[in-house]
Amino acid sequence: MASTSLTIDARLWNASGIGVYLQALLPRLAALLPHKIYVIHGTDTEPFSSLPNIAYIPCDAGMYSLKEQYTLPRLVPRNSTLWVPHYNIPLLYRGKLLVTVHDVAHLALPDVFGAAKRLYARALLTAVRQKAAHIFFVSQFTQNSFTQIVGKPRGTTSVVHNGVEESWFAAKPTPHKQPYFIAVGNVKPHKNLGRLVEAFLRLADKIPHTLLLVGKKDGFRTGDNAILQAAEQHPERIQFTGFVPTDALQGLVAGAEALVMPSYYEGFGLPPLEAMACGTPCIVSNAASLPEVCGDAALYVDPFSVDDIAEKLLHLAGDAALRETLRTAGLQQAQRFSWDRAAAEMAGVLGL
């Protein structure tokens with residue numbers, strides 16, 4: 001029997017990564033789709049739209065919990081298609097299932113994630129491969145990685161790139177006393193902040209810049225303490241901000257001399273595109289999805305070479321013409337990534 005509605009697991013609405021994805025896409029999809037849309041939301045999330053075709057279903061099951069496995073299937077209305085914007089699908093659900101896969105980091109980075117997390121991710125991603133009628137991948141890199149590590153999906157697939165919110169194109173710089181580089185993202189080992197900090201300190205006496213690290217520090221492991229210690233020893237040059245609201249973040253990114261993302265693994269990598277949209281040059285890793293996303297509009301570094309990162313930071317800091325070239329190219333690159341286009345591409349599948 002054909003689906004008569006769409007149900008969306010939006011419990012990650014307040015999360016920093018997938019939350020941005022949901023907040024950008026869900027209202028746009030609701031405006032495009034004729035179906036009734038049921039939104040499963042966490043108890044900490046208030047209803048976020050008054051559109052007449054949206055109904056809300058509260059759920060107190062935590063993410064990655066045993067409870068979600070037996071609770072979610074019972075919450076999905078009869079004959080509804082379920083879209084899960086992450087890999088933690090309800091294994092007992094027997095209806096039509098659509099899934100978004102953002103990355104396969106837990107399997108691609110065995111040195112970063114513990115055995116329990118890897119086993120959990122392997123089991124769930126294997127189930128996604130077998131059960132999903134359609135899988136959305138946020139990059140060709142992620143689709144290729146999924147096929148290589150998990151296997152070829154049984155259902156259909158599509159690559160739908162993330163977009164950039166229009167507000168980034170109008171962001172105004174926050175005044176700052178001295179020039180600075182900025183890195184944005186929750187602190188995780190694959191973000192490679194240790195090498196960035198080491199590279200920055202190597203040339204700190206050659207440039208007047210500070211290094212601003214924006215994001216939660218709860219991803220730090222014991223081995224990352226050296227990063228914290230380096231920052232504590234040079235508080236006038238390296239600053240951790242913790243979480244920053246979007247409007248304040250836009251001002252900080254717009255005012256930076258460059259955004260730096262030396263990650264050795266990213267399923268997509270949205271911060272460089274957001275930086276490009278507000279005219280900030282980008283230095284990014286030449287690994288994973290970043291070349292796919294940034295194209296010819298960024299300065300690339302070898303993420304495993306502290307020397308290369310330091311050289312590119314120094315080069316950009318001293319070359320105003322290069323910064324201007326990257327600003328122009330970056331704006332053009334960012335304009336290629338639209339949430340409206342992403343929603344339209346997804347609606348063609350979600351509306352089936």
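The values are calculated or read from the model by the stated rules, or taken from the named source; none is laboratory data. Note that the structure is a prediction, hence the values are computed from the model and not measured. Note: ideal-geometry Cβ built from the backbone for every residue, glycine included; neighbour counts use all protein chains shown.
Would you point out which residue out of Pro208, Pro262 is in contact with a strand residue (DSSP E or B) (Cβ under 9 Å, 6 or more places away or on another chain) and at pLDDT 95 or above?
Pro262
With respect to Val160, determine if the residue is surrounded by fewer than 21 Cβ atoms within 10 Å (Cβ to Cβ) and within 25 Å of Met276 (Cα to Cα).
Answer is yes for this residue.
Identify the residue in the stretch 334-344 that is assigned to a helix (DSSP H, G or I) and touching a His at 6+ places or on another chain (Cβ under 9 Å) and, among all such residues, is farthest from Ala133 (Cα to Cα).
Per the stated criteria, the residue is Arg341.
Regarding the stretch 152-163, can at least one residue be identified that is among the polar types (S, T, N, Q), free of Cβ contacts under 8 Å to residues at least 12 places away in the same chain and not in a loop (DSSP other than H, G, I, E, B)?
Checked against the condition, which is being among the polar types (S, T, N, Q), free of Cβ contacts under 8 Å to residues at least 12 places away in the same chain and not in a loop (DSSP other than H, G, I, E, B), the stretch 152-163 yields no hits at all.
Within the stretch 1-107, considering only strands (runs of 3 or more DSSP E) that don't extend past its boundaries, which have at least 2 residues that are of a type in the set (D, E, K, R), over 23 Å from Ser158 (Cα atoms) and within 16 Å of the chain's Cα centre (by Cα)?
Strands (runs of 3 or more DSSP E) meeting the threshold: none at all.
Among the residues of the stretch 324-344, what is the count of those that are surrounded by fewer than 19 Cβ atoms within 10 Å (Cβ to Cβ), under 15 Å from Ala297 (Cβ atoms) and within 25 Å of the chain's Cα centre (by Cα)?
Here the count works out to 7.
What are the residues in the stretch 300-338 that are within 18 Å of Cys278 (Cβ to Cβ) and among the hydroxyl-bearing types (Ser, Thr, Tyr), if any?
Scanning the stretch 300-338 gives Thr325, Thr328, Ser338.
Select from the stretch 8-40 the residues that are touching a Phe, Trp or Tyr at 6+ places or on another chain (Cβ under 6 Å) and free of Cβ contacts under 8 Å to residues at least 60 places away in the same chain and list them in ascending order.
Correct list: Gly19, Val39.
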